[in-house]
Amino acid sequence: MPLFPFSPQGVQDLLDHLYALPDPDLAIEADAIANNFKSWMASHFSFTVAQLAYLDDISNSVTNYYGQQCSFGFNNRLAIILNYPDKPGNPGYSKWNSSTNTIIVQADGTGQSKVSGELTFSLTYA
């Protein structure tokens with residue numbers, strides 16, 4: 001699989017590629033991102049050295065949560081959005097990352113799951 005740019009369009013292109021996979025193959029990707037978010041990201045996106053260092057420095061508790069969210073999103077073929085603004089021109093800024101979602105999980109009258117919504121990852125500068 002080629003490396004995708006770490007950009008909103010790159011994330012969408014990767015999801016298009018993943019969501020075209022048969023369910024068993026997509027489940028392998030979902031398990032992989034849940035088990036090691038940092039490694040999975042590094043093997044699917046073209047990051048700069050600085051971006052890889054930033055990824056590596058993110059707390060494992062945070063990346064474990066991100067991995068679980070992405071895994072759930074993959075398994076349910078949900079939209080995953082990346083908000084990644086341009087860096088500010090002034091030095092001395094800090095970068096914050098967060099995730100939010102609008103995911104709704106329901107069981108219908110027969111007990112079958114109904115999942116909808118999207119997962120959004122945002123990077124902000126302060």
Exercise. Does residue 81 satisfy the criteria of being closer than 23 Å to residue 104 by Cβ and touching a Leu at 6+ places or on another chain (Cβ under 9 Å)?
Worked result: yes
Problem set entry | Tally, over the stretch 65-93, of residues that are open to solvent by 80 Å² or more (accessible area, probe 1.4 Å), at pLDDT 95 or above and over 16 Å from residue 17 (Cα atoms) | 2
Exercise. Restricting attention to the stretch 41-55, does a residue exist that is closer than 16 Å to residue 120 by Cα, assigned to a helix (DSSP H, G or I), open to solvent by less than 50 Å² (accessible area, probe 1.4 Å) and in contact with a helix residue (DSSP H, G or I) (Cβ under 9 Å, 6 or more places away or on another chain)?
Worked result: yes
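Out of the residues in the stretch 103-115 that are open to solvent by 60 Å² or more (accessible area, probe 1.4 Å) and small (Gly, Ala, Ser), state the one that is farthest from residue 65 (Cα to Cα). If you could, list the steps in order and put the result at the bottom.
First pass over the stretch 103-115, keeping only residues open to solvent by 60 Å² or more (accessible area, probe 1.4 Å): 104-107, 109-110, 112-114.
Next cut, small (Gly, Ala, Ser) only: 107, 109, 113.
Numbers: 107: 23, 109: 30, 113: 22 Å.
So, considering only residues that are open to solvent by 60 Å² or more (accessible area, probe 1.4 Å) and small (Gly, Ala, Ser), the one farthest from residue 65 (Cα to Cα) is 109.
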Exercise. Applying the selection to the stretch 81-121, what residues are part of a strand (DSSP E or B), under 14 Å from the mean Cα position of the chain (by Cα) and either in contact (Cβ under 8 Å) with a residue 40 or more places away in the chain or more than 20 Å from residue 8 (Cα to Cα) (or both)?
Worked result: 81, 82, 83, 118, 119, 120, 121
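The values are calculated or read from the model by the stated rules, or taken from the named source; none is laboratory data. Model, not experiment: these values are computed from the prediction. FYI the Cβ positions are ideal-geometry reconstructions off the backbone, even for glycines, and counts take in every protein chain you see. Each accessible area value is taken on the protein alone, full model and side chains, heavy atoms only, with ligands, DNA and RNA left out. Shrake-Rupley method; radii C 1.70, N 1.55, O 1.52, S 1.80 Å.
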